[in-house]
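Structure first, commentary second.
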Amino acid sequence: MSVMFSHLAKRTMCCLLAVLLLFAVVPFSVSAEPETPDADVSGDVATDGGQAGSAEPEAAETPEYTEYYARYADAERPEERMEVGLSALVAGGEAPNFFEDAEKGQVLNMAANGSNATFRFTVATAGLYNLQVLYKQHGEDLVSDALMDVAVDGVIPSYSMDDVQIPRYWTISEKAYDSRGNELSNEMAEVAAWRWQTAYDAGGRHNDPLCFWLEAGEHTVTLTFEKAGLLLAGVAFFNEKEAPAYQKPDGVKVTDAAPIIAEGEAYTWSTDSAIQLTTDSNNAAMSPSHPELRLFNAIGGSTWATTQQALGWEVEVKTSGWYKIAVKVRQSTKTGSFSTRALRIDGKLPYAECGEIRFPYSTNWYNKVIATEAGEPMLFWLEAGKHTISLEAVPGKLSNTMVELQDCVEELNRIMRQLVQVVGNSGDKYRDYNLDEEIPTLPDDVKAMLERLTVQRDEIKRLSGDNGSETSKLQTMITQLEYFVEDIDEMALKLNTFKNNITTLASWVNELLTQPLEIDYVITYGADNDLPDVSAGFFKDLWFTIQRLTVTFASDYGQLGDVDTSKEYLKVWISTGQEQMQIVQSLANEYSAMEGVKVGVKVELVAANLLEAVMAGKGPDISLQQANDLPVNLAARGELVDLSQFDGFEETRERYHANSFAPYLYNGGVYAMPLTEAFYMMFVRTDVFEEMSLEVPNTWEELYEVATILQRNNLGAGIPSDMSIFASMLAQNGGTFYNEDQTATTFGNQAEIDAFKAWTSLYTEKGFDLAYDPFNRLRTGEMPIALASFGLYNQLKVSAPEINGRWQMYPVVGTPKYNADGTPMLDENGQQVIDRSWSCATQGSVGLSQGATCTFILKGCKNKEAAWDFLKWYTSDEVRKEFALKIEMRMGVASRYTPANYRVLENLPWTDTEREMLLAQWDELVLFPEIPGSYYVGRNLTYAFRQVVYNDENPVYALNKYNEIINRELTRKLQTVN
Amino acid sequence: MAKRKNLGRDIKRYSVCYFMVAPYILLFLFFILAPIIIAFFFSFTDFNMVKFPPDFSGLDNYIRIFLEDDDFLIAIRNTLVLACVTGPISYFACLFLAWFINELHPFLRAFFTVCFYAPTISGTLYVMWGFLFSGDQYGILNNVLMDLGILSEPYQWLTNTESMLPIIMVVQIWMSFGSAFLSFVAGLQGIPRSLYEAGSVDGVRNRWQELFYLTLPSMGPQLLFGAVMQIAGAFSIGATITALMGYPTTDNAALTVVTYISDFGSIRYEMGYACALSFILFVIILATHWVIEHIIMKYASD
């Protein structure tokens, strides 16, 4: 206390001094009060048919679900069920797309993105209701869940009712083994059936189904679908009867029937194809386990972690009786915490307690017996016959806390941004900020924040019976806020730790929201000694390990699957991973089995240096997934096969963007086929832009203006300092890298010099950051706008769920076009034409890496015609699409694959808006040619750039100087190559 | 004639010894000597990893290296600067640290040995220096210096030509307490106590005299071993630079012969030229080694 007092005294003294000293200085203060947009809950929602894509409801206009629910929490929950079918359909907007179903007759086909249906129904008793839809998955090429927006009387009641997930059910259609007995990636099949699906929170954060408040009287409900591919037959409002609490059945005898084991990996259905089968081969007690073979013996782990992912197992009970249920699990990702699952039998919770079963952290496998809180195993009555036991990831009791904490993180980030606007990136010890005057709301905001966090901390402690270790990260934040409440100006000095604490808190909350769990088997049993041991014992494990070690000398896991080596085969190399290899191999097997194909294809996972292998005579026939700068450099040495000589090459060209082949041309030949393409997008934090009333920029000039405003507020805009910017500015001004003969650079021309000047001036004059992490800065909002490779989309979607809906992806900024007479060039809509050409050129290992990958045939290949036939097939639209879908199916959204084939993008699970943006940008993609010796271009351009930016060199002089060096090397290289 | 007879008889007599050194000799021949000879051969060709056999180009590669190649001069200068600064510093630092901790309690000695040795065995842990010197305004050093008001905007430590070499030196010295350090620790332990007792009887008056007249002379082999390791280490700095600063570095400011060799070998595919470069490096290391060996053996055998 005394420390605090003397601190205050010192402060007061300083203030007095400062006032005296600064007597003549006119104090200026920036009004930092944020303009909060009025909470306008008008009905501008996606209900009028046909234009759902553009009419996405804004998050700000709709209340958060907690808020919505709190309004009606005490309302009645009538038991009646209001179920309506197609007869209640309200006509309007576009004509409904009917479909004739064998079982249900006429139903609605919701295949098109944005298709919607409105039903009319009458409510007898006002109250809170849950919602169910009767649907059946339908249509192919869809791997993700359908998203459904629910509007009641034309208004989406809460943010949580936007993008409600309607799952697709999957099963393993067939277990696949190779001739040695290794298990291969299984083929998945959809399990289409009519199901009633209850609507849950879109973010998967609430344990209970969504509640809708309905007054008595007539209402309409409008369902709008994205990425749907489902048939719809009806909708119902109802209230589920709560499951009874467990009470030990009196005087009953536990069954003495033999235990029934359902292997985790042999599930009957799954609601997410991305839940992966796993192999634990270090453990003799796994079921099944084999020292030699690769067998899947478990399922889940980090791929079974998001709420609403469920797995079901069908078990056949021979004799009716009272059974116990146990699950052999491992939860080794969520340190010090637990994952939660709901256990259902035949789709129903047997007891209320089964709605939330906790699986604590452990690096080892353990048997989790479903038991009461007192630890007494629960008894379940199972009739003889087939039953489905299912486990679904649920947020658990902590769900409300998590929602609240996510909110708090967002609020903390807002406070932090306000602070940054006044203080800058770090506070100055010798300045008094008078934060309470600069930001009048700050003290109250911090106090309110402190209260909210404290309440949540206590709640977590109460619910999890935790002693504090679990909430330590939350506690750090609370301690700091307590400190800030005492002395608000400290916030300026502690800004950096404050930022770090927010980031830590955010990732902790996200981690708590995940529910990872790995399952070996589910067992239904009677007698306690029927429960198998989870460990085989030390000596068995040791022996198992020794066996496994011995086997590693003989087995090659780089090749799984069978190739008929009796007939001629092509050797194909892939460098990415087991999953990809298996997918390519299974595709290749399909190919070999096709009529008229005489060769087999053997896919190998190799990470070795290609050229060395080729020299040693061990090279492949075809190499997949190589960097774009490699083909020309190999072709110049005569190592590749010219693809343009083959039949049908010209037809393959139309699959791609016009200049996709530019990097593969050499001496009139074409030496590779594109596989993927890379381009930049512009990521914008829409909430911050709204807060600061900024417009999303279209041109560089507009971007500079936005950046100036942001910088004035100590925020920033992100332009990566790599060569992509130079290449893109070049492309937008009609420049190129090399002359027509591709013997020298063109950096002496005006367009090139201008582009170089513009590029360097971003960092010398306009004050953009040279180095930053776009993901983190977008996440905190410190950099509300950033240009980045579209891969950032996946990263933000998966790793920063707390800002979902608060950011958008746009095409990059461009250069406005003018006619020869200086008037703006207009398009048919009267808008000025903006050239958004973009190139991904960065300095690659051998040339300009343009972020893309390609595939080529090596000269050593004996059967070149066969290799070309395979390549032609492999790069065809259908196969690329199949590959992309399979990858996403197996590995989830995070690994979404974007083939270079122009038309395939349309079939991938992007939303309409996203697809539109991506296609708009893709249209403007520019790829520059590669030439032998291009490695010298990238590096010397970088040198020139750094000369200008670090040492204030004149850009024209620097470019000239390095251009000479480049051209000298190019000339020399050209001589050696020829 | 008689001599040859003796040789034959000797081989027979010591056959067990030959058998025992055979594994090492074979490995040495195949993995050290043979590559050197092959590289020497290829250095007179224009081998490009594709055309085999390559064309013989005589001394072209060497002429180009010494007379035309500006980057080679930068590389050799950087390599020598790094070697001359980090080599001796790390050598003496190893020696003195080993000496300092020698007399500690065995437990503490083991503890400090692990501490100093840890950076060497931790593989690529040196990437942590990348966080320290990150050019981001939130890079550790930038952040601290901006907080203190020394810098007003982030400094690009790892790409600015002025800061690159010093940083590499710091990292290299941090990493250099490797096998040389261990051998010193072991060598110091191996000196019998009786030697010091005899010394004190003979009139050694302080620790410095003890060090120079007793300790170091009796550690000849360790000193030599340490020197060889440090020289080789100092001349072959390369992976650290590429990991921290990427390749190529701005204006080749941190170009060393090793990174230059890998540039020609794996990026430009001019293997003949790369072989000539590596042969030159080999000769430089050999010569330095020879000089150092003479100095140390002279001192140690006195």
Legend entry - Output for the stretch A:779-816, where each listed residue is of a type in the set (A, V, I, L, M, F, W, C), assigned to a helix (DSSP H, G or I) and closer than 17 Å to A:D407 by Cα: A:I803
Inset, instruction - Name every residue in the stretch A:223-282 that is part of a strand (DSSP E or B), under 26 Å from A:I325 (Cα atoms) and among the aromatic types (F, W, Y), in order of residue number. - result: A:W269
Inset, instruction - Could you grab the pairs with beta carbons closer than 6 Å, sequence gap of 6+ or different chains, first residue in the stretch A:602-622 and more than 11 Å from every other protein chain (Cβ to nearest Cβ), second one surrounded by fewer than 20 Cβ atoms within 10 Å (Cβ to Cβ) and polar (S, T, N, Q)? - result: A:E604/A:Q559; A:A607/A:S575
Inset, instruction - Identify all residues within the stretch B:209-242 that are under 25 Å from A:Y962 (Cβ atoms) and part of a helix (DSSP H, G or I); write none if there are none. - result: B:I241, B:T242
Inset, instruction - Could you grab me the full set of residues in the stretch A:718-745 that are assigned to a loop (DSSP other than H, G, I, E, B) and closer than 26 Å to A:F683 by Cβ? - result: A:I719, A:P720, A:S721, A:D722, A:N733
Legend entry - Residues that are aromatic (F, W, Y) and either over 26 Å from A:G385 (Cβ atoms) or crowded, with 20+ Cβ neighbours inside 10 Å (or both), drawn from the stretch A:260-305: A:Y267, A:F296, A:W304
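Yes/no matrix, rows are residues, columns are (1) in contact (Cβ under 8 Å) with a residue 40 or more places away in the chain; (2) touching a helix residue (DSSP H, G or I) at 6+ places or on another chain (Cβ under 9 Å); (3) in a loop (DSSP other than H, G, I, E, B); (4) not hydrophobic (A, V, I, L, M, F, W, C):
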position	(1), (2), (3), (4)
A:N829	no, no, yes, yes
A:V846	yes, yes, yes, no
A:G851	yes, yes, yes, yes
A:C854	yes, yes, no, no
A:K862	yes, no, yes, yes
A:E865	yes, no, no, yes
A:W868	yes, yes, no, no
A:W873	yes, yes, no, no
Legend entry - Test result for A:G312, in contact with an Asp or Glu (Cβ under 6 Å, 6 or more places away or on another chain) and part of a strand (DSSP E or B): no
Inset, instruction - Check A:S575, A:S592 and return the single one that is away from chain B (no Cβ under 14 Å) and either out of contact with any Gly (no Cβ under 9 Å at 6 or more places or on another chain) or crowded, with 20+ Cβ neighbours inside 10 Å (or both). - result: A:S575
Legend entry - Unmet criterion (only one of (1) surrounded by 17 or more Cβ atoms within 10 Å (Cβ to Cβ); (2) farther than 23 Å from A:G860 by Cα) for A:S693: (1)
Legend entry - Selected residue [under 29 Å from A:N113 (Cβ atoms), touching an Asp or Glu at 6+ places or on another chain (Cβ under 9 Å) and in contact (Cβ under 8 Å) with a residue 24 or more places away in the chain] from A:N940, A:N901: A:N901
Inset, instruction - Answer with yes or no whether A:W170 is in contact with a helix residue (DSSP H, G or I) (Cβ under 6 Å, 6 or more places away or on another chain) and either modelled with pLDDT of 90 or more or not β-branched (V, I, T) (or both). - result: no
Inset, instruction - Give me a count of the residues in the stretch B:251-272 that are more than 9 Å from every other protein chain (Cβ to nearest Cβ) and either over 15 Å from B:I241 (Cβ atoms) or assigned to a helix (DSSP H, G or I) (or both). - result: 10
Legend entry - Candidates A:A176, A:A193 - the one that is assigned to a loop (DSSP other than H, G, I, E, B), under 29 Å from A:E579 (Cβ atoms), within 31 Å of the chain's Cα centre (by Cα) and of a type outside the set (K, R): A:A193
Legend entry - A:L295 vs. criteria aliphatic (A, V, I, L, M) and at pLDDT below 90: yes
Inset, instruction - Looking only at the stretch A:486-500, decide whether some residue is modelled with pLDDT of 90 or more, touching an Asp or Glu at 6+ places or on another chain (Cβ under 8 Å) and in a helix (DSSP H, G or I). - result: no
Legend entry - Candidates A:G822, A:G748, filtered to the one that is closer than 30 Å to A:Y666 by Cα, away from every other protein chain (no Cβ under 14 Å) and either of a type in the set (D, E, K, R) or assigned to a loop (DSSP other than H, G, I, E, B) (or both): A:G748
Inset, instruction - Determine whether the stretch A:101-114 contains at least one residue that is within 37 Å of the chain's Cα centre (by Cα), among the basic types (K, R) and modelled with pLDDT under 90. - result: yes
Legend entry - Filter pass, B:Y273 being among the hydroxyl-bearing types (S, T, Y) and modelled with pLDDT of 85 or more: yes
Legend entry - Inter-residue pairs, beta-carbon under 6 Å, first more than 10 Å from every other protein chain (Cβ to nearest Cβ) and more than 19 Å from A:G851 (Cα to Cα) and in the stretch A:764-792, second of a type in the set (K, R) and surrounded by fewer than 23 Cβ atoms within 10 Å (Cβ to Cβ), 6+ apart: A:G781/A:R417; A:M783/A:R777
Legend entry - Segments classed as helices (runs of 4 or more DSSP H), wholly inside the stretch A:881-978, with at least 1 members that are within 11 Å of chain B (Cβ to nearest Cβ): A:935-951, A:955-977
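Tell me which helices (runs of 4 or more DSSP H) are completely within the stretch B:92-148 and hold 1 or more residues being modelled with pLDDT under 85, over 28 Å from the mean Cα position of the chain (by Cα) and within 14 Å of chain A (Cβ to nearest Cβ), or say none if there are none. Before you say what the answer is, go through the steps one by one.
Details: elements: B:106-121, B:128-132, B:140-147.
By residue number, B:140-147.
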Inset, instruction - Determine whether the stretch B:17-27 contains at least one residue that is farther than 30 Å from B:V283 by Cα, of a type in the set (S, T, Y) and over 29 Å from the mean Cα position of the chain (by Cα). - result: no
Legend entry - The lone exception for A:G385 - which of (1) out of contact with any helix residue (DSSP H, G or I) (no Cβ under 9 Å at 6 or more places or on another chain); (2) crowded, with 21+ Cβ neighbours inside 10 Å it fails: (2)
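Here's the yes/no breakdown for (1) within 20 Å of A:N628 (Cα to Cα); (2) in the same structural domain as A:V599 (by TED's automatic domain parsing); (3) touching a Ser or Thr at 6+ places or on another chain (Cβ under 6 Å):
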| residue | (1), (2), (3) |
| --- | --- |
| A:E878 | no, yes, no |
| A:E888 | no, yes, no |
| A:V893 | no, yes, no |
| A:Y897 | yes, yes, no |
| A:A900 | yes, yes, yes |
| A:D912 | no, no, no |
| A:M917 | no, no, no |
| A:A920 | no, no, no |
Legend entry - B:Y247, sole failed condition from (1) more than 23 Å from B:S43 (Cβ to Cβ); (2) within 14 Å of chain A (Cβ to nearest Cβ); (3) aromatic (F, W, Y): (1)
Legend entry - Evaluation of B:V50 against (1) aliphatic (A, V, I, L, M); (2) within 22 Å of the chain's Cα centre (by Cα); (3) within 14 Å of another protein chain (Cβ to nearest Cβ) (one fails), failing number: (2)
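The values are calculated or read from the model by the stated rules, or taken from the named source; none is laboratory data. Everything numeric here is computed off the predicted structure, so don't read it as measured data. A quick note on method: Cβ atoms are made from the backbone with ideal geometry, for glycine too, and the neighbour counts reach across all protein chains shown.
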